[in-house]
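Colleague: Here it is, the structure in full.
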Amino acid sequence: MTAVPDAIVEGARRALELHGASGVTLERIAAEAGVSRMTLHRRGVSKEDILGELALRLENEYRDAMWRALVSDGSARDRLRRALELECRVAESNLDVLDALSSGARDEIFHERGGRRLTRPAFVEPLQKLLREGAADGSLAPVEAGETATVLFNLVGHTYRHLRAGHGWSATRARTAVVRLAMDGVSAR
């Protein structure tokens, strides 16, 4: 993949916000980045390169958010709630990016290859850790952490995005409803 300068990545974000996934072209990305389409061509930067860089930044943003939840104070249940809320916040800041990625690109970012087809470790390991710690401290029900983390990540992420984009719910309303439902499913009784 060709290195994509920050100005072009930010231009792509603005173009996605203004024109939506179906309306983003290299010409519009270049215009938002303040460069010519020919500049992108000369640098060998393709739309796929730009979307790939946006996906990489999404993964890094998610990893940073999960780290904040993992090292925060409170029971595993409190930290899991924080992690799921942060997942929603990362999704919120990347709604246009997630919409722009094709299903194949999203599949490559989020899913393991072959086998059980769980969500990639980068996205679920923090949730697995919190589920195990919650079972140990009694604040969460004992569950199979691998599958449950995959379910939680997808339940929260997909449902949050659907409520925001498909139903027009506010970020707070969608986040509160989704996280409450997810936490009810894993809390110790």
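The values are calculated or read from the model by the stated rules, or taken from the named source; none is laboratory data. Being a predicted model, the structure only gives us computed values, none of them experimental. Heads up, the Cβs are rebuilt from the backbone with ideal geometry, glycines too, and the neighbour counts pull from every protein chain shown.
Here is a yes/no grid of residues against (1) aromatic (Phe, Trp, Tyr); (2) in a loop (DSSP other than H, G, I, E, B); (3) at pLDDT 95 or above:
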{"site": "147", "(1), (2), (3)": "no, no, no"}
{"site": "150", "(1), (2), (3)": "no, no, no"}
{"site": "158", "(1), (2), (3)": "no, no, no"}
{"site": "161", "(1), (2), (3)": "no, no, no"}
{"site": "169", "(1), (2), (3)": "yes, yes, yes"}
{"site": "173", "(1), (2), (3)": "no, no, yes"}
{"site": "178", "(1), (2), (3)": "no, no, yes"}
{"site": "181", "(1), (2), (3)": "no, no, yes"}
{"site": "185", "(1), (2), (3)": "no, no, no"}
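Colleague: Continuing with this model, one more query. Which condition breaks for residue 21 when tested against (1) without any contact (Cβ under 8 Å) to a residue 60 or more places away in the chain; (2) assigned to a helix (DSSP H, G or I); (3) surrounded by fewer than 18 Cβ atoms within 10 Å (Cβ to Cβ)?
Modeller: Failing condition for residue 21: (1).
Colleague: Given the structure, is residue 58 closer than 19 Å to residue 161 by Cβ, in contact (Cβ under 8 Å) with a residue 12 or more places away in the chain and under 13 Å from the mean Cα position of the chain (by Cα)?
Modeller: yes
Colleague: Sticking with this structure for a sec: Looking only at segment 33-48, which residues are within 10 Å of residue 2 (Cβ to Cβ), surrounded by fewer than 18 Cβ atoms within 10 Å (Cβ to Cβ) and not small (Gly, Ala, Ser)?
Modeller: Selection gives 43, 48.
Colleague: Let me confirm something: among 64, 73, 78, which residue is outside any helix (DSSP H, G or I) and under 22 Å from residue 182 (Cα atoms)?
Modeller: After ruling out the rest, the residue left standing is 73.
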